[in-house]
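Read the structure below first, then the notes.
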Amino acid sequence: MAEESKQQDGGKIRIQYYRSAIGFPKTQKEVVRSVGFTKLNQVLERPDTASMRGIVQKVPHLLRIVE
């Protein structure tokens, strides 16, 4: 219940790009770039929405959510 209210209140999640996309398919590289990452180990704050969490779940070997 608390997580639902967090999403509705415009909550933010911090996402880290922790592993290089070299050697992975082009589509996965595009996912990383579409979030806004340009450098390795970069941490970005994005809205906590289902779509943003879905993006992270598509490439969990490259991106992770940090608290």
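Quick check on my filter: what residues within the stretch 38-53 are hydrophobic (A, V, I, L, M, F, W, C) and more than 15 Å from Gly11 (Cβ to Cβ)?
Passing the criteria: Leu40, Val43.
At pLDDT 95 or above and surrounded by 15 or more Cβ atoms within 10 Å (Cβ to Cβ): is that true of Val43 in this structure?
The answer is no for Val43.
If you check Val66, Val56, Val35, which single one turns out to be under 14 Å from Arg14 (Cα atoms), among the β-branched types (Val, Ile, Thr), touching a strand residue (DSSP E or B) at 6+ places or on another chain (Cβ under 6 Å) and surrounded by 13 or more Cβ atoms within 10 Å (Cβ to Cβ)?
After ruling out the rest, the residue left standing is Val56.
The values are calculated or read from the model by the stated rules, or taken from the named source; none is laboratory data. Please read all numbers here as calculations on a predicted model, not as lab measurements. Counting neighbours? That spans all protein chains shown, and the Cβs are built from the backbone with ideal geometry, glycine included.
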